[in-house]
């Protein structure tokens, strides 16, 4: 019998949000994990990339959030800023109709802005380890009411580089809180943490064909000399003619060099690595999702931080030195019900690492047949035509799709500097004819502006009727947020 989300007895607003998000039936991992977390059991979950792990903990967390409690009730720790933003977006969408507020906090972002945000009503925080430790040290986050503590990408978070940070955080979390560890790959190194901090040490291994579905991802490798790597890369791209492509390199310098070479050769390309500012990294991912360009060159920062369902090809320009990273890299393609391809270019010096990867996988990656010159020439024409179409469409303004059609996000040109508080905005809007507290969703007050969700399809009519309203005896302007 096919299980439905309704069978979990979830809040009606969570069910409606899942419907809007096109979550039709629970995935394998969601069927196993959601009931356990709803029953407040600790979990250790090993499940392939693209299997729906984020929703498997996001749904029960949102279900058990008390929206009247202004304190943080769930903390999710992730290894990268990109992943923090993506997890925050997914959980925000799941909880939006229930009026749940989720924030992402990470390094290289002004800490004063984060402190200001944490002083408002924030129910769920998604954070990188260093920055959450900073807030704990400053006493700018209250962890007393934490119900759920989740470690995402647990294999990365519990390795030698992060283990002390994670123990520090675990010791600050209420012992009664529910704890969950999630990853596509989990090894024996986490046993110590499980034994010490969790009420279970049994790994919930969600069985698929493998750590990724081999029926959805075709894997190949191609031997190359170091001098011919770039030429072979271009030949692969033209032969495969991908709609979207991620190329992985092992270092920031390699990414930069390859980016410059491919840019000179006219490819529609962007780079992603740790030397870029956070804003540039966010815009690079957003533009990639919005098809502003079709090739992204990245370090492993993107292997765990990009959830795009239609990446058709992944190329390992460098063989990953960590066998687990191979899984995370190629897992960017063939997600959910889509199909994809992953090709690894290797040289003589990479033989050792290829052997380690194949031993880990349990099979030999198929050697790619010799690249046919005619296929390359024909593919180049098609690929360049596709790129021209992307350039042509770039001029069209792309706005993020509003998933929840019943919600209108309204921009207000006043904030903290005018001494406006959340309660003032709620009071002003609830006094408008036809609007009551049930129609007012998440409110965010910034220094010079504010945002408020108007629910139940009432927002469009409100912004047409009122160009300005009075809040605390101050006349403020309203408009529909452009990103809504």
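Summary table
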{"quantity": "Helices (runs of 4 or more DSSP H) contained in segment 222-321 and holding at least 2 residues in the same structural domain as residue 366 (by TED's automatic domain parsing) and within 30 Å of residue 359 (Cβ to Cβ)", "calculated": "229-240, 252-264"}
{"quantity": "Enumeration of residues in segment 78-107 that are touching a helix residue (DSSP H, G or I) at 6+ places or on another chain (Cβ under 7 Å) and either at pLDDT 95 or above or closer than 19 Å to residue 453 by Cα (or both)", "calculated": "90, 91, 93, 94, 95, 96, 97, 98, 100, 102, 103, 104"}
{"quantity": "Considering residues of segment 239-288 that are under 22 Å from residue 325 (Cα atoms), without any contact (Cβ under 8 Å) to a residue 24 or more places away in the chain and in contact with a strand residue (DSSP E or B) (Cβ under 7 Å, 6 or more places away or on another chain) only, the residue surrounded by the fewest Cβ atoms within 10 Å (Cβ to Cβ)", "calculated": "256"}
{"quantity": "Count of segment 16-35 residues which are without any contact (Cβ under 8 Å) to a residue 40 or more places away in the chain and buried (at least 17 other Cβ atoms within 10 Å of the Cβ)", "calculated": "6"}
{"quantity": "Residue among 98, 4 that is free of Cβ contacts under 8 Å to residues at least 40 places away in the same chain and either surrounded by 20 or more Cβ atoms within 10 Å (Cβ to Cβ) or over 21 Å from residue 443 (Cβ atoms) (or both)", "calculated": "4"}
{"quantity": "Extreme residue, farthest from residue 99 (Cα to Cα), among residues of segment 41-78 that are in contact with a strand residue (DSSP E or B) (Cβ under 6 Å, 6 or more places away or on another chain) and part of a loop (DSSP other than H, G, I, E, B)", "calculated": "42"}
{"quantity": "Test: residue in segment 21-30 that is over 20 Å from the mean Cα position of the chain (by Cα), modelled with pLDDT under 95, in the same structural domain as residue 146 (by TED's automatic domain parsing) and under 23 Å from residue 176 (Cβ atoms)", "calculated": "no"}
{"quantity": "Residue in segment 69-86 that is within 28 Å of residue 136 (Cβ to Cβ), buried (at least 23 other Cβ atoms within 10 Å of the Cβ) and without any contact (Cβ under 8 Å) to a residue 40 or more places away in the chain present", "calculated": "no"}
{"quantity": "Qualifying positions in segment 338-361 - touching a residue at least 60 places away in the same chain (Cβ under 8 Å) and more than 24 Å from residue 230 (Cα to Cα)", "calculated": "338, 339, 361"}
{"quantity": "Qualifying positions in segment 94-128 - at positive phi and touching a strand residue (DSSP E or B) at 6+ places or on another chain (Cβ under 9 Å)", "calculated": "99"}
{"quantity": "Cβ pairs under 7 Å, 6+ apart, first in segment 460-484 and under 13 Å from residue 450 (Cα atoms), second in a helix (DSSP H, G or I)", "calculated": "471/424; 471/425; 471/428; 478/463; 479/463; 480/463"}
{"quantity": "Flag for residue 186 being over 23 Å from residue 48 (Cα atoms) and in contact with a strand residue (DSSP E or B) (Cβ under 8 Å, 6 or more places away or on another chain)", "calculated": "no"}
{"quantity": "Criterion (closer than 23 Å to residue 56 by Cβ, at pLDDT 90 or above and not in a helix (DSSP H, G or I)) met by exactly one of 150, 141", "calculated": "150"}
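The values are calculated or read from the model by the stated rules, or taken from the named source; none is laboratory data. Treat the numbers as computed from the prediction; the structure is a model and nothing was measured. Quick reminder, even Gly has a Cβ in these numbers, built from the backbone with ideal geometry, and neighbours come from all protein chains shown.
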